[in-house]
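Colleague: Dumping the structure here so I can ask a few things about it.
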Amino acid sequence: MENFVMHMNSGDDAHSYARNSGFQRFVISKTWPVLDKTLKEMFDKTEFKSGFRMIDLGCASGPNTLIVISHIIDTIKSLCKCDQLPEIEVYLNDLPANDFNNLFKMLPSFRRGWKNCFVFGLPGSFCERLLPRNSLHFAYSNYCLQWLSQIPEGVEKINKENFFATKTSPVEVFKSYERQFQRDFSSFLMNRGEEMMIGGHMVLSFIGRSSIDFSSEDACASFRLLAEALVDMVAEGLINEEDLHLFNIPMYLPCLEEVEAIIKHEGSFNVKILDSFEVPWDPNLYEDDDYEKVFDKYRSGIIIASYIRAIMEPLLSNHFGNATIDMNNLFEKHAQKLGDYIDEEMPSYLTLLISLIRM
Ligand SMILES: C[S@@+](CC[C@H](N)C(=O)[O-])C[C@H]1O[C@@H](n2cnc3c(N)ncnc32)[C@H](O)[C@@H]1O
């Protein structure tokens, strides 16, 4: 099994996740109504006098993490009378290779308004146990559960120039990815089920696909176009074809039906909301601000390639070797392909939004 190093680009330089996660921030803002409703229901029922414990699963490193926590703390403040504000414990979870140092450095400026709030970094995989039994009230996760704990065994030999389960992958590849997702998502639910108190809630959003038939749609075409840019690099003699055929990433896009089936089969949680919404590849054009937006598909191509680079660069460097692959060249090619692909209308990703309650 090929090893992989799962983390987003570290630090806060031009290619970092911290500076290239506006897309995920846009998705986060679309989850607020469900998040707020969930917290309101919880605080209507309980005062949490002995404290409120929550976790952000797959928090990464950058402003998004702090925006999520600030929003939750502010919402709780607005739901409680001042003298009843519970002590809040916040666990920031991600894999050990995440840039926790950068995140911790950002904390002091955010913490000022957070009275009664205690923040802890929690490195580890959310497919495993992270917290003591019956200790958690609330869990949130944005754009993480599409990441698998490993690349399914054997797929590299047959997935050729594809690097995840996409419409041009052989059906066996798709089945291997599907089984890995079933295993990982079941473990995720089982472990959260053990950690969470009865009546605890989870709000989860992640990228998915709309149809059970994976070959009928070009889900995540923006990533498929990165595979095309890698194929161009092979044709130019810049990378080795065999290396490209061995490259796969631990990402799978499930549809709502399979997510629902796994939740029911695993049995720890009841479904409160199972929904989906579209998010434009370049959400800048759709944000509610005062600027007049000009549709420029090649400009959007550069923005999309930048946030995909912040996600993919560690996986690419780990596989091809930093010195072997010219990342600037690769992502310039990618941006050009994205610009060519975008039509009059901006393509979108399907985002699955799920709210669960521990039974
Ligand atoms: C695209 S980022 C999303 C980060 C953040 N939630 C946001 O919305 O900006 C996905 C994050 O999930 C983390 N991740 C992936 N698999 C994980 C696992 N098994 N356990 C914990 N974190 C994981 C990655 O390391 C990465 O930081």
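Colleague: Which one of the conditions (1) over 22 Å from PHE331 (Cβ atoms); (2) buried (at least 18 other Cβ atoms within 10 Å of the Cβ) does GLU194 fail to meet, given that it meets all the rest?
Modeller: Evaluating GLU194 over (1) over 22 Å from PHE331 (Cβ atoms); (2) buried (at least 18 other Cβ atoms within 10 Å of the Cβ) leaves (2) as the failure.
The rows are residues; the columns are (1) more than 21 Å from the chain's Cα centre (by Cα); (2) part of a helix (DSSP H, G or I); (3) surrounded by fewer than 16 Cβ atoms within 10 Å (Cβ to Cβ).
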position: GLU156; (1), (2), (3): yes, yes, no
position: PHE163; (1), (2), (3): no, no, no
position: SER169; (1), (2), (3): yes, no, no
position: GLU172; (1), (2), (3): yes, yes, yes
position: GLN182; (1), (2), (3): no, yes, no
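Colleague: Just checking, which of SER78, SER61 is touching a residue at least 40 places away in the same chain (Cβ under 8 Å) and either within 13 Å of the ligand (Cβ to nearest atom) or surrounded by fewer than 16 Cβ atoms within 10 Å (Cβ to Cβ) (or both)? Even if it seems obvious, please write down each step before you answer.
Modeller: Values: SER78 fails: touching a residue at least 40 places away in the same chain (Cβ under 8 Å).
Every option except SER61 fails the conditions.
Colleague: Of the residues that sit in the stretch 104-125 and are more than 23 Å from GLY51 (Cα to Cα) and at pLDDT 95 or above, which one is surrounded by the fewest Cβ atoms within 10 Å (Cβ to Cβ)?
Modeller: My answer is GLY124.
Colleague: In the stretch 156-189, which residues are within 16 Å of the ligand (Cβ to nearest atom), of a type outside the set (A, V, I, L, M, F, W, C) and in contact (Cβ under 8 Å) with a residue 60 or more places away in the chain? Write out each step before concluding.
Modeller: Keep residues of the stretch 156-189 that are within 16 Å of the ligand (Cβ to nearest atom), which gives 164, 177, 180-189.
Applying the additional criterion that residues be of a type outside the set (A, V, I, L, M, F, W, C) yields 177, 180, 182-184, 186-187.
Hits for the stretch 156-189 are TYR177, GLN180, GLN182, SER186, SER187.
Colleague: Could I ask something else about it? Looking only at the stretch 17-38, decide whether some residue is away from the ligand (no atom under 14 Å from the Cβ), buried (at least 20 other Cβ atoms within 10 Å of the Cβ) and either within 27 Å of ILE151 (Cβ to Cβ) or aliphatic (A, V, I, L, M) (or both).
Modeller: The initial filter retains those residues of the stretch 17-38 that are away from the ligand (no atom under 14 Å from the Cβ), namely 33-34, 36-38.
Within this subset, residues satisfying the condition of being buried (at least 20 other Cβ atoms within 10 Å of the Cβ) are 38.
Retained after the next criterion (residues that are either within 27 Å of ILE151 (Cβ to Cβ) or aliphatic (A, V, I, L, M) (or both)): none.
No, the stretch 17-38 contains no residue that is away from the ligand (no atom under 14 Å from the Cβ), buried (at least 20 other Cβ atoms within 10 Å of the Cβ) and either within 27 Å of ILE151 (Cβ to Cβ) or aliphatic (A, V, I, L, M) (or both).
Colleague: I need the helices (runs of 4 or more DSSP H) fully contained in the stretch 185-270, keeping only those with at least 1 residues that are farther than 25 Å from SER125 by Cβ, in contact with a Leu (Cβ under 9 Å, 6 or more places away or on another chain) and among the hydrophobic types (A, V, I, L, M, F, W, C). Full working, then the answer.
Modeller: Values: elements: 221-235, 241-245, 256-266.
Filter on the stretch 185-270 gives 221-235, 241-245.
The values are calculated or read from the model by the stated rules, or taken from the named source; none is laboratory data. All values reported here derive from a predicted model rather than from experimental measurement. Heads up, the Cβs are rebuilt from the backbone with ideal geometry, glycines too, and the neighbour counts pull from every protein chain shown.
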